[in-house]
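Let me begin by presenting the structure, written as structure tokens, before commenting on it.
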Amino acid sequence: MKRQLRLPLTFIALLVLGMISTSMTASAAAYGSQSQNINAIREYQTKKPLKNKVIVVDPGHGGSDAGAIGPNSVAEKDVTLAIARDLHELLSAGGATVIMTRTSDRDVATDGSSDIDELQARVDIANQANADLFVSIHTDAFAEHGTGTTTYFSPGSNDDLARFVQANMVSQLNLYDRGSQPSDFYVLKNTNMPAILTEAAFISNPKEEKLLINRDFNKKVAMGIYNGIKQYFIQ
């Protein structure tokens, strides 16, 4: 008659505990690996927040529409195009796909088109591209002593983008902070994505008009908008 092998209960208990411990260690390792992957993705998104983002940059006016004219005959359409080109360069370097509504001094719709047709052409570019953001660049004009920087957003929409861009532009330009404000501008109401319209400075103010034709100032405007956009996507 064969003798039955009997294992002590303590041995069995230790064996079971060992198996459970091995399983928990494997699970912890898998969880740790998953956690590392999530952290890596977040770190990448922080470093490259504009990757795969489509951003439409709209230099205000152009062609038959000069926009506001400063006391020393500086045309808004020229200033906005210069700033937009600088912004395009920054956004592209940051990984974004950038679409400009115009890249030269021309009408976006057709030569001599109506104001509504011209604005709708810019809106169509953004909507048809299914863009992530729409940024329209302008300079302000009110009175000779008007001063400061403003960023507008559509009433009732999320104002995060406008607030971030405004804060960063003011930080770069050190002009009077007119804040981020709601407005029913056509391009803000009719685009399907978050949209802002920036007024960097007053072209009607002789001092600020001089700033607006300074290349270093233009680059600061672009940098302020760029930093605000990055902050918007990182939040």
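The values are calculated or read from the model by the stated rules, or taken from the named source; none is laboratory data. Because the structure is predicted, anything quoted here is derived from the model rather than measured. Don't worry about glycine lacking a Cβ; one is built from the backbone with ideal geometry, like all the others, and counts go over all protein chains shown. Ligands, DNA and RNA are stripped out before the accessible areas are found, and what is left, the full protein with its side chains, is counted by its heavy atoms. Shrake-Rupley method; radii C 1.70, N 1.55, O 1.52, S 1.80 Å.
Report yes if some residue within segment 163-184 is farther than 20 Å from F217 by Cβ and assigned to a loop (DSSP other than H, G, I, E, B); otherwise report no. The answer is yes, given that some residue of segment 163-184 is farther than 20 Å from F217 by Cβ and assigned to a loop (DSSP other than H, G, I, E, B). Could you say whether any residue in segment 159-172 is more than 29 Å from S73 (Cα to Cα), of a type outside the set (A, V, I, L, M, F, W, C) and crowded, with 22+ Cβ neighbours inside 10 Å? No - not one qualifying residue is present in segment 159-172. Among the residues of segment 97-141, those identified as hydrophobic (A, V, I, L, M, F, W, C) and in contact (Cβ under 8 Å) with a residue 60 or more places away in the chain are I116, L119, V123, I125, A126, A129, A131, L133, F134, V135, I137, A141. Figure legend. Inter-residue proximity from segment 72-95: first residues more than 14 Å from I203 (Cα to Cα), second residues of a type in the set (F, W, Y), beta-carbon distance below 8 Å, spacing 6+ or different chains. Indicated pairs: L87/Y226; L90/Y226; L91/Y226; G94/Y226. Within segment 201-210, is even one residue open to solvent by 50 Å² or more (accessible area, probe 1.4 Å), on the phi < 0 side of the Ramachandran plot and not small (G, A, S)? Taking every residue of segment 201-210 in turn, at least one turns out to be open to solvent by 50 Å² or more (accessible area, probe 1.4 Å), on the phi < 0 side of the Ramachandran plot and not small (G, A, S). Among the residues of segment 125-158, those that are part of a loop (DSSP other than H, G, I, E, B) and in contact with a Lys or Arg (Cβ under 9 Å, 6 or more places away or on another chain) comprise A131, D132, T147, G148, S154, P155.
Number of residues in segment 211-220 that are part of a loop (DSSP other than H, G, I, E, B) and surrounded by fewer than 15 Cβ atoms within 10 Å (Cβ to Cβ): the value is 1. The set of residues in segment 173-193 being within 23 Å of A82 (Cα to Cα), open to solvent by 30 Å² or more (accessible area, probe 1.4 Å) and in contact (Cβ under 8 Å) with a residue 60 or more places away in the chain consists of Y186 alone.
Against the condition out of contact with any Leu (no Cβ under 9 Å at 6 or more places or on another chain), acidic (D, E) and closer than 25 Å to V74 by Cα, how does E208 come out, does it pass? No; evaluated as a whole, the condition is false for this residue.
Considering I137, I213, I225, I203, the condition of being closer than 25 Å to V108 by Cα and out of contact with any Ser or Thr (no Cβ under 9 Å at 6 or more places or on another chain) is satisfied by I213 alone. In segment 142-171, the residues that are farther than 17 Å from N227 by Cβ reach residues that are open to solvent by 30 Å² or more (accessible area, probe 1.4 Å) and among the aromatic types (F, W, Y) with C-beta atoms within less than 9 angstrom, at least six apart or across chains, in these pairs: T147/Y176; G148/Y176; Y152/F185; S154/F185.
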